[in-house]
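Before any comments, here is the structure.
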Amino acid sequence: MISHRLRGLYAITDAASRTSAEQFSLCEAVLQGGAKVLQYRDKTSDTQQCEENAARLATLCQHYGAAFIINDDVDLAIQVGADGVHLGRDDTDILAARKRLGSGYLIGISCYNTLERAQEAASAGADYIAFGSFFSSPTKPHAVRAQPRILTEARSRFSIPLVAIGGITPENGASLIQAGADMLAVISGLFAQRDPRAAATRYARLFASD
């Protein structure tokens with residue numbers, strides 16, 4: 001299942017105040033625009049709706065050749081045939097997740113602004129690690145802030161892919177790639193835009209030399 005190259009635009013869904021049909025349409029637009037990874041993050045829908053949404057998005061990602069990641073929910077990832085899960089500080093432990101998932105799934109870990117957590121995650125077998133917030137973000141306005149130099153330091157220590165998140169725009173994203181980021185994770189910069197497909201294309205162009 002781990003056949004995707006983890007580099008490029010990493011889109012994270014914004015389920016708030018959207019119907020399932022609207023969310024699906026927006027996700028397809030950002031995949032058409034060049035997103036390489038799509039994470040399904042939904043803290044508001046009930047279990048049945050999450051299962052239905054995730055199953056549809058898993059099929060959509062397969063069609064566009066993108067990796068499909070589930071936020072936090074290991075069981076849901078297995079149920080819908082996702083490519084993996086993303087875990088934060090208060091989510092399932094990585095070792096417990098790996099025991100449930102086996103080696104055929106991706107596990108990403110939020111490391112915020114600490115290399116110590118990144119080291120623990122890498123040592124425990126994480127497939128990628130994420131740092132941020134690098135800039136002010138409307139999604140998480142009170143998130144801890146990270147500096148670009150943490151990407152450079154992490155790049156010198158770890159061989160696994162690095163994700164940057166938090167207030168990233170097509171204008172400031174290039175500096176994070178130069179600092180060491182393999183992927184740029186974006187929510188409002190895609191899903192709050194009038195033309196999500198065009199927005200995704202602008203981010204994707206930052207990786208055009210690959």
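Counting the residues of the stretch 12-42 that are polar (S, T, N, Q) and either buried (at least 19 other Cβ atoms within 10 Å of the Cβ) or closer than 30 Å to Ala174 by Cα (or both) gives 5.
Entry remark, the stretch 133-157: residues being in contact with a Leu (Cβ under 9 Å, 6 or more places away or on another chain) and either β-branched (Val, Ile, Thr) or crowded, with 20+ Cβ neighbours inside 10 Å (or both) number 4 in total. Just checking, does the stretch 136-143 include any residue being at negative phi and modelled with pLDDT of 95 or more? No; the residues of the stretch 136-143 include none that is at negative phi and modelled with pLDDT of 95 or more. Sub-9 Å Cβ pairs linking a first residue in the stretch 164-179 that is on the phi > 0 side of the Ramachandran plot to a second residue that is loosely packed, with under 15 Cβ neighbours inside 10 Å and small (Gly, Ala, Ser), at least 6 apart or interchain, are Gly166/Ser136; Gly167/Ser136, ordered by first then second residue.
Taken over the stretch 1-22, the criterion of being out of contact with any Asp or Glu (no Cβ under 8 Å at 6 or more places or on another chain) and outside any loop (DSSP other than H, G, I, E, B) is satisfied by Leu9, Tyr10, Ala11, Ile12, Ala21, Glu22. Assess whether Leu9 counts as being touching a residue at least 60 places away in the same chain (Cβ under 8 Å), under 26 Å from Pro170 (Cα atoms) and either buried (at least 20 other Cβ atoms within 10 Å of the Cβ) or aliphatic (A, V, I, L, M) (or both). When the stated conditions are applied, Leu9 passes them. Restricting the stretch 58-84 to residues that are more than 15 Å from the chain's Cα centre (by Cα) and not in a helix (DSSP H, G or I), the residue that is surrounded by the fewest Cβ atoms within 10 Å (Cβ to Cβ) is Gly65. Scanning the stretch 133-150 for residues that are farther than 14 Å from Ser110 by Cβ and among the hydrophobic types (A, V, I, L, M, F, W, C) yields a count of 1. The lone criterion from (1) among the β-branched types (Val, Ile, Thr); (2) surrounded by fewer than 22 Cβ atoms within 10 Å (Cβ to Cβ); (3) in contact with an Asp or Glu (Cβ under 6 Å, 6 or more places away or on another chain) left unmet by Ile107 is number (2). For the stretch 183-205, the set of residues classified as within 19 Å of Gln39 (Cβ to Cβ) and without any contact (Cβ under 8 Å) to a residue 40 or more places away in the chain consists of Gly189, Gln193, listed by residue number.
With respect to being hydrophobic (A, V, I, L, M, F, W, C), more than 17 Å from Phe24 (Cβ to Cβ) and either buried (at least 16 other Cβ atoms within 10 Å of the Cβ) or free of Cβ contacts under 8 Å to residues at least 40 places away in the same chain (or both), Leu87 fits the description. Does Leu38 satisfy the condition of being at pLDDT 95 or above, in a helix (DSSP H, G or I) and within 18 Å of Tyr203 (Cα to Cα)? Considered against the rule, which asks whether it is at pLDDT 95 or above, in a helix (DSSP H, G or I) and within 18 Å of Tyr203 (Cα to Cα), Leu38 comes out as no. When you scan the stretch 43-57, do you find a residue that is buried (at least 18 other Cβ atoms within 10 Å of the Cβ), among the hydrophobic types (A, V, I, L, M, F, W, C) and within 13 Å of the chain's Cα centre (by Cα), even just one? Looking through the stretch 43-57, none of the residues is buried (at least 18 other Cβ atoms within 10 Å of the Cβ), among the hydrophobic types (A, V, I, L, M, F, W, C) and within 13 Å of the chain's Cα centre (by Cα). Taking Thr152, is it within 24 Å of Asp127 (Cβ to Cβ) and not small (Gly, Ala, Ser)? The answer is yes for Thr152.
The values are calculated or read from the model by the stated rules, or taken from the named source; none is laboratory data. This one's a predicted model, so the numbers in the text were calculated from it and none came from an experiment. Because the Cβ atoms are built from the backbone with ideal geometry, glycine has one as well, and the counts that use them run over all protein chains shown.
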